[in-house]
Amino acid sequence: MEIKTAVVQTQGAPLEWTQAQLDEPKINEVLVKVVASGICHTDAEGRDTGITPYPVALGHEGAGIVEKVGAAVTTVKPGDHVVLSYTVDGTCPQCRTAHPGSCESFNLYNFGGASKDGTHRIHDETGHDISNFFGQSSLSTYAVVDESGVVKVDPEVDLRYLGPLGCGFLTGRGQC
């Protein structure tokens, strides 16, 4: 599907709204229509330091509405309101003992630029891969996110307030 996303082409370059193609979610992934996203210092680090391969679609504080789920997804369904978070493996000792912010695969899944299976979901108009950021790239109109990176929230709460707080809540709780 065609989306708009905020992409940085090279280290320190300006953030540019770009047309891109977003692949369908795979078996363990969720397609989210992004309603709100914040910008945090970590996005500036993603732009300036090269922690994720360029080009990269930034954003890691998002909230939205589930549009589609992969066949193995069990925690959310289309229509659910969600906050986007970081991706974890869910199987390492840190994840199994309720410390996902210390996941052994945290850097790979959140800064490596690819999805868990090693492939990319975002592509430019010529078909070249664009790296994702924090497994979500929430500065986009839509995002494909691993199931581990979505948290269902009360649909009565305004997503415009929740999106920009995704990182702050986790950081303040000591989960990052």
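The values are calculated or read from the model by the stated rules, or taken from the named source; none is laboratory data. Since we're looking at a predicted model, the values are computed, not measured. Here the Cβ positions follow ideal geometry from the backbone for every residue, glycine too, while neighbour counts run over all protein chains shown. Side chains are part of the model used for accessible areas, which takes the heavy atoms of the whole protein and leaves out ligands, DNA and RNA. Shrake-Rupley method; radii C 1.70, N 1.55, O 1.52, S 1.80 Å.
Conditions tested, residue by residue: (1) among the hydrophobic types (A, V, I, L, M, F, W, C); (2) farther than 15 Å from R121 by Cα.
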site	(1), (2)
E24	no, no
E29	no, no
R47	no, yes
V82	yes, yes
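Could you say which residue among E45, E61 is buried (at least 19 other Cβ atoms within 10 Å of the Cβ), closer than 18 Å to G112 by Cα and not aromatic (F, W, Y)?
E61 is the lone residue from the list that is buried (at least 19 other Cβ atoms within 10 Å of the Cβ), closer than 18 Å to G112 by Cα and not aromatic (F, W, Y).
Taking A114 as meeting all but one of (1) modelled with pLDDT of 95 or more; (2) of a type in the set (A, V, I, L, M); (3) open to solvent by 10 Å² or more (accessible area, probe 1.4 Å); (4) over 12 Å from the mean Cα position of the chain (by Cα), write down the number of the exception.
Just one mismatch for A114, condition (4).
Residue by residue through the stretch 64-104, note down the ones that are open to solvent by 40 Å² or more (accessible area, probe 1.4 Å), under 20 Å from D117 (Cα atoms) and aliphatic (A, V, I, L, M).
V69, A71, A72
Test Q9 against the stated conditions and say whether it is touching a residue at least 40 places away in the same chain (Cβ under 8 Å) and either under 19 Å from S148 (Cβ atoms) or out of contact with any Leu (no Cβ under 8 Å at 6 or more places or on another chain) (or both).
It is true that Q9 is touching a residue at least 40 places away in the same chain (Cβ under 8 Å) and either under 19 Å from S148 (Cβ atoms) or out of contact with any Leu (no Cβ under 8 Å at 6 or more places or on another chain) (or both).
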